[in-house]
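S.K.: Following this message is one structure expressed as structure tokens.
No value in this document is a laboratory result; all are computed from the given coordinates. On a predicted model such as this, the values are computed, not experimentally measured, just so you know. FYI the Cβ positions are ideal-geometry reconstructions off the backbone, even for glycines, and counts take in every protein chain you see.
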Amino acid sequence: MTTTTTKNTLLVGTLAVGAFALGGCIKPPPGSGSGPPPGSAASIGAPAAAAEAPPAASSAPSAPSAPSAPAAAGAPIGNSGFKHCSAEGLIDDGEDGNNQNLPNDNRGGYWYTFRDKKGTTIEPVAGEDGGTFAMSEGGHGSQFAARYHGKVGTGAPLFAGMGMNFVDPKAPYDASKYAGIAFWAKKAENSTGKVRLKVPDTNTDPEGGVCTECFNDFGADLNLTTDWKMYLFPFPTMKQMPGWGNPRKPHITPGKIYGIQFQVNVPSANYDIFIDDLTFICK
């Protein structure tokens with residue numbers, strides 16, 4: 001297990017925020033093999049490689065470090081104004097050692113990775129290349145975290161991503177009773193920290209049957225550091241990227257979201273990203 005340094009830092013989203021680290025072993029999802037894993041349609045981002053900006057965020061100094069046991073329902077999350085939900089709000093902490101998110105509140109979808117065809121490399125191997133996602137050692141004060149790493153290619157479009165669907169088979173999930181998401185995240189020493197948080201919903205995912213220019217998901221731009229930090233994103237703060245996508249809605253639709261993705265689009269960049277303790281938040 002990798003030893004990590006934890007700092008009591010919480011970043012709360014304004015227009016953007018995000019990231020958290022998970023880790024664990026693997027359990028092959030149904031249908032894995034030579035084809036893509038459940039719901040692993042590549043989320044390609046902008047038609048050309050997108051320039052990524054640092055996140056707009058504020059720091060709350062009283063944020064707690066990760067507890068060894070789940071926080072009590074209703075306990076405040078630092079000075080964010082949000083609270084921990086009941087146990088059913090925990091999406092995944094990786095500690096069960098498989099690649100399925102926790103079957104809380106009718107969830108239980110699978111983790112996956114995805115990449116472009118412009119020379120980008122990725123580990124764990126993408127499902128469409130015959131791979132099955134596996135958690136990694138070195139979580140946030142725990143054994144496991146979700147991690148993906150490799151090198152982005154050149155050309156367009158460029159993307160390297162890690163994500164999971166809330167349910168399997170892939171379908172919209174009703175998260176309207178929650179206020180947003182939070183997670184812990186960091187990058188490795190020689191990795192870019194520029195990561196896009198993406199939350200596909202009924203208006204941006206092709207399976208919603210609405211979009212004519214899809215994949216411009218609501219989310220935020222992150223600039224991760226080598227220290228574990230907690231990132232918190234209320235649903236109303238999540239925004240689409242400017243200049244493309246159809247339709248363009250003012251807000252995400254929490255009652256019909258498909259999953260969560262973390263994506264790197266920086267040409268030729270080395271990346272090594274950790275996410276852990278992904279959870280819904282309550283007001």
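S.K.: To the nearest 20 Debye, how big is the dipole of region 180-222 about its Cα centre, given +1 on the beta carbon of each Lys and Arg and -1 on that of each Asp and Glu? Kindly include the intermediate steps, with their values, before the conclusion.
M.R.: Values: 5 positive and 7 negative charges, 68 e Å.
Computed about the Cα centre, the dipole is about 320 debye.
S.K.: Let me know the charge dipole size of region 69-196 about its Cα centre in debye, to the nearest 20, where only the beta-carbon of Lys, Arg (+1) and Asp, Glu (-1) is charged.
M.R.: 600 debye
S.K.: Mind jotting down the distance between the C-alpha centroids of region 223-252 and region 170-186, whole Å?
M.R.: Each part reduced to its Cα centre gives a spacing of 12 Å.
S.K.: Also, I was wondering about something else. Quick check on my link table: of Lys117/Lys177; Lys186/Lys283; Lys177/Lys239, which ones sit more than 31 Å apart, alpha carbon to alpha carbon? If you can, show how the numbers build up before the last one.
M.R.: Numbers: Lys117/Lys177 38 Å; Lys186/Lys283 26 Å; Lys177/Lys239 20 Å.
With Cα atoms farther than 31 Å apart: Lys117/Lys177.
S.K.: Based on the mean of other Cβ atoms within 10 Å per residue, sort peptides 144-150, 93-99 so the most packed one is first. Spell out each step's value before the answer.
M.R.: Working: 144-150: 26.6, 93-99: 22.0.
So the peptides 144-150, 93-99, ranked by packing, come out 144-150, 93-99.
S.K.: Further question: Compute the distance in nm between two label points, each set 7 Å from the Cα along the Cα-to-Cβ direction, one at Lys283 and one at Ala87.
M.R.: Between Lys283 and Ala87, the simple spin-label model gives 2.7 nm.
S.K.: Straight distance only, please: which lysines reach the Cα of Lys170 with their own Cα at less than 19 Å, same-chain residues fewer than 8 apart left out?
M.R.: Lys27, Lys198, Lys256
S.K.: Starting from the Cα gyration tensor of region 132-185, take the square roots of the eigenvalues, sort them a ≥ b ≥ c, and report rounded, prolate or oblate (rounded when a/c is under 1.5, otherwise prolate if a/b is larger than b/c, else oblate). Numbers along the way, then the final one.
M.R.: Working: a/c = 1.92, a/b = 1.20, b/c = 1.59.
Taking the square roots of the gyration eigenvalues as a ≥ b ≥ c, region 132-185 is oblate.
S.K.: Let me ask something additional. Using a cut-off of 13 Å between alpha-carbon atoms, which aspartates and glutamates can reach Lys151, once sequence neighbours fewer than 8 places away in the same chain are excluded?
M.R.: Within the straight-line cut-off, Lys151 pairs with Asp116, Glu123, Asp272.
S.K.: Let me ask something else about it. Quickly rank 167-177, 153-163 as a protection proxy: mean count of other C-beta atoms within 10 Å, highest first. Intermediate values should be presented prior to the final figure.
M.R.: Working: 167-177: 16.6, 153-163: 21.5.
Final packing ranking: 153-163, 167-177.
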